[in-house]
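A short worksheet on the structure shown next.
The values are calculated or read from the model by the stated rules, or taken from the named source; none is laboratory data. Quick caveat: nothing in here was measured; it's all calculated off a predicted structure. As a convention, Cβ positions derive from the backbone with ideal geometry for all residues, glycine included, and neighbour counts pool all protein chains shown. The accessibility values were calculated without ligands, DNA or RNA, using every heavy atom of the protein model including side chains. Shrake-Rupley method; radii C 1.70, N 1.55, O 1.52, S 1.80 Å.
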Amino acid sequence: MYKIAVMGDRDSIYGFAAVGLEPVEVEGAEEASAKLKELVSEDYAVIYITEGLAEKIDRDISRYADRPLPAIILIPGVSGNTGNGLRSVKRSVERAIGSDIIFGEG
């Protein structure tokens, strides 16, 4: 059975355990990179990562962009929304269908 994880700082991910997601608290880029690799090798279908943390491990995340699983989805953390999550979803949709149906831009 597939699992769902949420990676980020403690304050951003703490509440996700209440809805059945596995919180994975990480601090720095090196720890996050290693943990992402570990989660990918296990049965995780979805890995949510806070936008702030994702900026630190962007290269690691991009390695899995063309794989069907896991889906890596960026979410805002307690520090706020950087817009990277929305841009990531937009790129994924464009890649999947060849056009921007969400915003209708260029």
Residue in the range 28-50 that is of a type in the set (Asp, Glu) and under 12 Å from the mean Cα position of the chain (by Cα) present: no
Number of the condition not met by Glu94 [criteria: (1) at pLDDT 90 or above; (2) open to solvent by 60 Å² or more (accessible area, probe 1.4 Å)]: (1)
The range 58-75 residues that are within 13 Å of Tyr48 (Cα to Cα) and in contact (Cβ under 8 Å) with a residue 12 or more places away in the chain, paired with ones that are open to solvent by 70 Å² or more (accessible area, probe 1.4 Å) and in a loop (DSSP other than H, G, I, E, B) (beta carbon under 8 Å, 6 or more apart): Leu69/Tyr2
Test result for Pro68, open to solvent by 30 Å² or more (accessible area, probe 1.4 Å) and touching a Lys or Arg at 6+ places or on another chain (Cβ under 9 Å): no
